1. So what is the 222 nm mean residue ellipticity for the chain from helices alone, if each DSSP H run of at least 4 adds -39500 (n - 2.57) and you divide by all residues, rounding to the nearest 500 deg cm²/dmol?
2. Using the number of other C-beta atoms within 10 angstrom as an exposure proxy, rank 275, 161, 247 with the fewest first.
3. What does the convex hull of the Cα atoms of region 37-155 come to per residue, in Å³, rounded to a whole number?
4. Semi-axes, largest first, in whole Å: what does sqrt of 5 times each Cα gyration tensor eigenvalue give for region 165-283?
5. Put one equal scatterer on each alpha carbon of region 148-205, apply the Debye formula with no solvent term, and list log10 I(q)/I(0) at q = 0.26, 0.28 1/Å to two decimals.
6. Could you work out how far apart the two model spin labels at residue 64 and residue 383 are, taking each label as a point 7 Å from the Cα in the direction of the beta carbon, and quote it in nm?
7. Quick one: go through region 99-140 and flag any residue whose amide nitrogen is under 13 Å from the point 7 Å out along the Cα-to-Cβ line of residue 27.
8. Percent of Cα-Cα pairs more than 21 Å apart in region 228-332, please.
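We did not get these values from a lab; they are worked out from the coordinates using the rules stated. Model, not experiment: these values are computed from the prediction. Positions of Cβ are backbone-derived with ideal geometry, glycine not excepted, and every protein chain shown enters the neighbour counts.
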Amino acid sequence: MKKGYFGQWGGAFIPEVLHQTFVELNAAYEAAQADAKFWQEYIDFMANYSGRPTPLTYAENLSKHLGGAKIYIKREDLNHTGAHKANNVMGQGLLVKRMGKTRVIAETGAGQHGVATATMAARFGLACTIYMGEEDVARQRPNVFWMEKLGATVVSVKDGSRTLKDAINEAFRDWVASMDNTHYVFGTVCGPHPFPEMVAWFQSIIGQEAKRQIMEQHGRMPDRVYACVGGGSNAMGIFQGFLDQSSVELIGVEAGGKGLDTGKHACRMLSDRASAGIAQGYKSRFLQDSDGQMLDTHSISAGLDYVGISPILADLGEKGRVRFEAATDKEVLEALQLTMKTEGIIPALESSHAFVQAIKEAPQMSPEQAIIINMSGRGDKDIFTIAHAFADPSWQQFIISRADEYRLK
């Protein structure tokens, strides 16, 4: 297989000006991969700084409520900064130290990658700029606040749909102008090689842990593993622990938004609006028109509101190793509410997509079977979106009263 490709997908479609930067990045990544001491340094750092390994929690109440399979939840919400994003970011931070760069940039949608990158930059003493679509800035304001307090400069991107794809475009523009001292901490398993492979490598820590944990708690492999899929880093993280286990079915859940028939969604693997294309440095399936122009996407979750999908997942889906499903915004809110009330656990809106499909399928399985849901992040970042969606009157009054306080000042 050609380097940087996964079946027909992948590659590195980059401007000539970035060629040498990618040569250096590939060399640093390959040297780190070949160095067992680097991986051990990474594991030790994540244990001492980020709180790994994260637990695999048996959701006893939810399992009993639904009947059928035993449900286990991989708790990436308990990773430092509240999501799986820290796994990749801290790994790339260690690479930045090796390369001697002094500044990092990143894109973010849900804000968790931005917070993780700002945290890493603070920890390692690096300058940091985060690009974020204007729409995502509005719906993820708590994360913007923390990024700025951690010392990062947050740039609100007003072009295009003002979401994740536009933030990525702006970050690449920055990198072209600042590559001598800057590393782009790409946040997901997309983009030009080596980013898909490299991000998947760091995120594989999730699957390695989950595989050990399910054997300890359940005594055998799970029957199914569920993960939400935007770009696909949390999904690839946990799927890698079970890819070689043919008896384990892997299910990726995309953002169904308002429904596949409405066009207001972010389903790259299920929609006839998606097709093969090349954008943002890689070949994959994109939501695009017949002229190759990227279409607008929609999801209640900022982190899944992305026009493309990982070339690795596009290949796994094409081969039938990963089954793809979609969850609508309405279903996501219902699954979130059920999980909160039965388990006292608050998944992020992104993670709740995986819960939707697991909740649908668990009752049709037997009590001897087990499933794992990868809870990629916690939902406190989504409080404004969730409270608005539920039309919570006390929250609305709180917002009004705080707004009045600020006006009076």
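1. About -14000 deg cm²/dmol.
2. Least to most surrounded, the residues fall as 247, 275, 161.
3. It is 122 Å³ per residue.
4. Each semi-axis is the square root of five times an eigenvalue, giving 30, 22, 10 Å.
5. Per q value, in the given order, log10 I(q)/I(0) is -1.16, -1.17.
6. That separation, rounded to one decimal, is 3.1 nm.
7. 99-100, by backbone N distance to the label point.
8. Value for region 228-332 (Cα pairs over 21 Å): 30 percent.
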